[in-house]
Amino acid sequence: MQYGAFSTDSLMSITNRPDLVFERGEGSWLYDHQGKAYLDFIQGWAVNTLGHCPPEIAAALAAQAGKLINPSPAFYNGPMIELASLLTANSVFDRVFFANTGAEANEGAIKLARKWGRLHKDGAYEIITFGHSFHGRTLATMSASGKAGWDTIYAPQVPGFPKAIYNDIATVNEKIGPKTVAVMLEPVQGEGGVIPADIEFLKALRELTTARGILLIVDEVQTGMGRTGKLFAYEHAGITPDIMTLAKGIGGGVPLAALLAREEICCFEPGDQGGTYNGNPLMTAVGAVVLKRLLSPGFLAGVEARGQYLSKRLLELSVKHGLQGERGSGLLRALVLADERGPDIVRRALEGGPTGLLLNSPRPNLLRFMPALNVSEAEIDQMIAMLDTLLQGAQLA
């Protein structure tokens with residue numbers, strides 16, 4: 001595809017992109033190179049916490065870029081300290097390591113757990129994960145993931161990640177052995193089909209891991225930072241994990257991630273962990289702005305209310321079109337279809353005019369919704385109306 005004087009042929013092909021170029025975004029809307037508007041219920045895969053180009057993020061980037069961008073992670077900087085302090089003050093964790101992506105944060109969690117196992121569990125290194133889980137695209141995080149087919153793409157896998165069945169505590173107990181150091185899970189399996197962990201399962205998992213002397217790691221890359229109506233999804237179960245990872249929403253659209261741990265788990269020594277850009281002030285200044293907005297009076301209550309409203313409207317669609325219901329938590333939800341037409345609906349939603357709609361189908365039998373946390377009820381209604389028309393068309397196809 002040509003874009004002005006340039007060609008998309010210069011980009012490595014890693015996904016099937018449509019022939020359009022997005023040039024501008026505002027709130028829940030994106031605009032392409034031909035001026036077409038799209039209502040965005042993907043938001044960079046739950047990345048744009050406050051929508052596209054929120055004024056507070058633009059202002060934070062401009063202000064910080066004029067002062068200090070990256071003095072090197074070998075030195076403290078003000079935004080790094082502020083954001084780490086805000087995170088620990090509003091969670092059950094004591095220490096933070098900043099990274100750039102969710103995969104990098106999860107890789108750090110794996111390393112931290114394995115070092116803790118070497119020091120405190122006679123070299124235990126295995127981390128129990130779950131079928132259909134998704135933890136990232138590094139070799140270790142792909143091996144930790146339970147995504148079908150990922151065990152052969154870059155074989156051999158990194159060893160040490162036995163898989164249990166999600167929401168089945170008995171299978172977790174069966175997998176625990178002398179080499180087990182931790183259990184790691186997503187509180188909601190996003191890529192796996194927006195499947196929430198049962199509250200009782202999370203509580204039982206915390207009791208089991210405590211009783212067996214192993215760590216509990218929550219991957220909140222997608223569920224953290226207000227996505228489920230709580231600041232962190234583990235709060236719904238009232239548990240205290242040992243390690244948590246964050247990314248996506250913490251940066252509100254810029255590359256930022258975090259690894260958090262309780263004090264007694266923090267065993268990294270100088271040289272064990274690092275990264276050229278970790279904790280740089282440009283990104284952490286944005287993270288601080290995002291977190292302060294989430295902590296502002298009424299914001300999270302509003303997320304919970306809009307999540308309930310989205311759920312209600314999706315259930316109405318399900319009944320009207322004879323679908324199989326909806327599920328999720330907060331503003332991370334899925335509409336379960338009666339067949340495998342999800343990818344076709346996503347394509348027609350994008351291509352339809354004069355206004356497009358951005359949806360996601362992580363599995364062919366469902367659609368996933370990840371709007372901005374400040375999406376309005378009017379925008380939810382507009383999305384529902386557009387999807388209603390698409391579902392009627394799909395039935396006729």
Members of region 352-397 that are among the acidic types (D, E) and either without any contact (Cβ under 8 Å) to a residue 12 or more places away in the chain or under 25 Å from K248 (Cα atoms) (or both): E377, E379
Report yes if L185 is surrounded by fewer than 22 Cβ atoms within 10 Å (Cβ to Cβ) and out of contact with any Gly (no Cβ under 8 Å at 6 or more places or on another chain), otherwise no. no
Out of V254, V290, report the one residue that is touching a helix residue (DSSP H, G or I) at 6+ places or on another chain (Cβ under 8 Å) and more than 25 Å from G192 (Cα to Cα). V290
Selection from region 30-52 of residues surrounded by fewer than 19 Cβ atoms within 10 Å (Cβ to Cβ) and over 19 Å from the mean Cα position of the chain (by Cα) yields Y31, D32, H33, Q34, G35, K36, A37
With respect to K248, determine if the residue is assigned by TED's automatic domain parsing to the domain that holds G108 and at positive phi. yes
For a quick check of your reading of the model, give me the residue pairs whose first member lies in region 308-329 and is more than 13 Å from D381 (Cα to Cα), whose second is modelled with pLDDT under 95 and part of a helix (DSSP H, G or I), with beta-carbon atoms closer than 9 Å and at least 6 apart or on different chains. H321/Q392; H321/A394; H321/Q395; G322/Q395
Please give the number of the condition P364 fails out of (1) touching a helix residue (DSSP H, G or I) at 6+ places or on another chain (Cβ under 6 Å); (2) surrounded by 16 or more Cβ atoms within 10 Å (Cβ to Cβ). (2)
Could you identify the single residue in D122, D19, D94 that is among the charged types (D, E, K, R) and either in contact (Cβ under 8 Å) with a residue 60 or more places away in the chain or closer than 23 Å to N278 by Cα (or both)? D94
Restricting region 244-265 to residues that are over 13 Å from the mean Cα position of the chain (by Cα) and surrounded by 24 or more Cβ atoms within 10 Å (Cβ to Cβ), the one nearest to A62 (Cα to Cα) turns out to be L259
What residue, of E200, E235, E207, is in a helix (DSSP H, G or I) and closer than 18 Å to E174 by Cβ? E207
Filter result for P71 (surrounded by fewer than 21 Cβ atoms within 10 Å (Cβ to Cβ) and either aliphatic (A, V, I, L, M) or in the same structural domain as G271 (by TED's automatic domain parsing) (or both)): yes
Exactly one of these conditions fails for I217: (1) assigned to a helix (DSSP H, G or I); (2) within 30 Å of L282 (Cβ to Cβ); (3) among the hydrophobic types (A, V, I, L, M, F, W, C). Give me its number. (1)
A197 passes all but one of (1) of a type in the set (G, A, S); (2) buried (at least 19 other Cβ atoms within 10 Å of the Cβ); (3) in contact (Cβ under 8 Å) with a residue 60 or more places away in the chain; which number fails? (3)
Here is a list: G131, G190, G136, G177. Which entry is within 17 Å of E107 (Cβ to Cβ) and either β-branched (V, I, T) or modelled with pLDDT of 95 or more (or both)? G136
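Matching residues to (1) of a type in the set (A, V, I, L, M, F, W, C); (2) surrounded by fewer than 24 Cβ atoms within 10 Å (Cβ to Cβ):
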| position | (1), (2) |
| --- | --- |
| E220 | no, no |
| T223 | no, no |
| A233 | yes, no |
| D242 | no, no |
| C267 | yes, yes |
| G275 | no, yes |
| Y309 | no, yes |
For region 203-218, the count of residues that are free of Cβ contacts under 8 Å to residues at least 60 places away in the same chain and buried (at least 24 other Cβ atoms within 10 Å of the Cβ) equals 2
State whether the residues of region 113-134 include one that is assigned by TED's automatic domain parsing to the domain that holds G190, surrounded by fewer than 24 Cβ atoms within 10 Å (Cβ to Cβ), assigned to a strand (DSSP E or B) and of a type outside the set (A, V, I, L, M, F, W, C). yes
Using the structure shown, decide if A140 is touching an Asp or Glu at 6+ places or on another chain (Cβ under 8 Å), assigned by TED's automatic domain parsing to the domain that holds C266 and part of a helix (DSSP H, G or I). yes
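The values are calculated or read from the model by the stated rules, or taken from the named source; none is laboratory data. Remember, predicted model here, so these are calculated numbers, not experimental data. Counting neighbours? That spans all protein chains shown, and the Cβs are built from the backbone with ideal geometry, glycine included.
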